[in-house]
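One structure is given here, and the rest of the page talks about it.
The values are calculated or read from the model by the stated rules, or taken from the named source; none is laboratory data. Because the structure is predicted, anything quoted here is derived from the model rather than measured. Here the Cβ positions follow ideal geometry from the backbone for every residue, glycine too, while neighbour counts run over all protein chains shown. Heavy atoms of the whole protein, side chains included, go into the accessibility calculation; ligands, DNA and RNA do not. Shrake-Rupley method; radii C 1.70, N 1.55, O 1.52, S 1.80 Å.
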Amino acid sequence: MAQAESSAATPFETDFWKDAKLRKVWDDIVPGEPRKTLPYLLTQDAIALYCRAVGETNPLYLDEAAAKAGPYGGLIAPPAIHILLMFACTPADDWMRSPGTVNAGQSWSYNIPARPGDTITLQARALDKFIKRERLFVVHDNVFFNQHGDVICSGRGQTIRPM
Amino acid sequence: MMTYANFETLKAGDTIDGPAFAVSRESIRLFCDASLDYNPLHLDDDYMKGDFGKTNFGGIIMHGMNNFGLISRMLTDWALPAGAIHRRLETRWLKPVKPGDTIRPAGTIKAKQTTAKSRWVLVDVAVQNQRGETVAAGEAMLEFPSAKAG
């Protein structure tokens, strides 16, 4: 993986238990309060790995010469690259990493594609929280930007928090 | 046969087919590495023997966002050659997906809309497993920029 090239100084911690105690539980989460985020350098290696995981084969994401001749004039990332960016742009103590967090649904709007070499930033927060059928829900909203300040995509989702 | 992505000729009920995706422990692990989502839901069988409220999954489950990625792939593969743009995707997860399952996304054209500056197609999307159960469902919006707007 291309994590060494990430603008985040520390390598990505893949053991989500390690910082579990540092993360906010449902009770601590304040709707409206921004989440801490980190800029992330999106590499072609990271895009290629995402493509492999979901079977993306479009040359716009993978073949520089073909992409150059295409509608975007160069390589782009698939729209759903925000799946990676959500974890790449947040620190280890972010509550989205709490073990047992269950994704209950998401909606995303796409403006312009992310590109390899972009430094991506995230503005994110919990927007709402509620209890339904004895389950603890948090609504989160997120906007990803490139280094020019252009919106790449924006999204909203619901997770069921571990109890 | 899948419908060609042409705004003029598309009509409600037309279908879009996505390719089958074989889910395995390895595919889930690869998705962990690609997404950086290492939630133990997707990695740790011992952890998954426990209960989640009233739910017991019995073993690791696929990332819900893997469904999302497969639907998005289907839509872009369909739209891009026609110059159309994948603008929105909303999904919810209905059933867990487990190693050994084979899932397949599909879409059905729901409506067309022309706005002041562009043209839009709404698509109902779903992912089914090998038993024909719907594991994820939602709605997508694709933009077909009008030729005149160039």
Review point. Does the stretch B:134-143 include one or more residues that are free of Cβ contacts under 8 Å to residues at least 60 places away in the same chain and surrounded by fewer than 15 Cβ atoms within 10 Å (Cβ to Cβ)?
Key: yes
Point to revise | Where B:L70 falls short, out of the listed (1) within 28 Å of A:R23 (Cα to Cα); (2) among the aliphatic types (A, V, I, L, M); (3) at the interface with chain A (Cβ under 10 Å from one of its Cβ atoms) | key: (1)
Exercise for review: Please determine, by comparing only the residues of the stretch B:99-122 that are within 14 Å of another protein chain (Cβ to nearest Cβ), open to solvent by less than 50 Å² (accessible area, probe 1.4 Å) and within 12 Å of the chain's Cα centre (by Cα), which one is nearest to B:T55 (Cα to Cα).
Suggested key: B:I103
Practice item. Give me a count of the residues in the stretch B:74-98 that are touching a residue at least 60 places away in the same chain (Cβ under 8 Å) and buried (at least 16 other Cβ atoms within 10 Å of the Cβ). Key: 7
Review point. Which one is farthest from the other protein chains (Cβ to nearest Cβ), of the residues in the stretch B:34-43 that are part of a loop (DSSP other than H, G, I, E, B) and not polar (S, T, N, Q)?
Key: B:L43
Check your understanding: Which condition number in (1) touching a residue at least 12 places away in the same chain (Cβ under 8 Å); (2) surrounded by fewer than 20 Cβ atoms within 10 Å (Cβ to Cβ); (3) at negative phi; (4) within 9 Å of chain B (Cβ to nearest Cβ) is the one that A:D93 fails?
Key -> (4)
Check your understanding: Tell me, which helices (runs of 4 or more DSSP H) wholly within the stretch A:54-99 include 1 or more residues that are of a type in the set (D, E, K, R)?
Key -> A:64-68
Practice item. Taking the options A:T119, A:T57, name whichever one is of a type in the set (S, T, Y) and either within 13 Å of another protein chain (Cβ to nearest Cβ) or closer than 30 Å to B:T102 by Cβ (or both). Key: A:T57
Revision key, fill the gap. A:A20 vs (1) within 11 Å of chain B (Cβ to nearest Cβ); (2) within 25 Å of B:D77 (Cα to Cα); (3) open to solvent by 30 Å² or more (accessible area, probe 1.4 Å); (4) touching a residue at least 60 places away in the same chain (Cβ under 8 Å): all pass except (2)
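Here's the yes/no breakdown for (1) open to solvent by 30 Å² or more (accessible area, probe 1.4 Å); (2) closer than 17 Å to B:N66 by Cα:
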| site | (1), (2) |
| --- | --- |
| A:I47 | no, yes |
| A:R52 | yes, yes |
| A:T57 | yes, yes |
| A:D63 | yes, no |
| A:A124 | no, no |
Point to revise | Matching residues, the stretch B:21-33, being more than 9 Å from every other protein chain (Cβ to nearest Cβ), surrounded by 17 or more Cβ atoms within 10 Å (Cβ to Cβ) and part of a helix (DSSP H, G or I) | key: B:I28
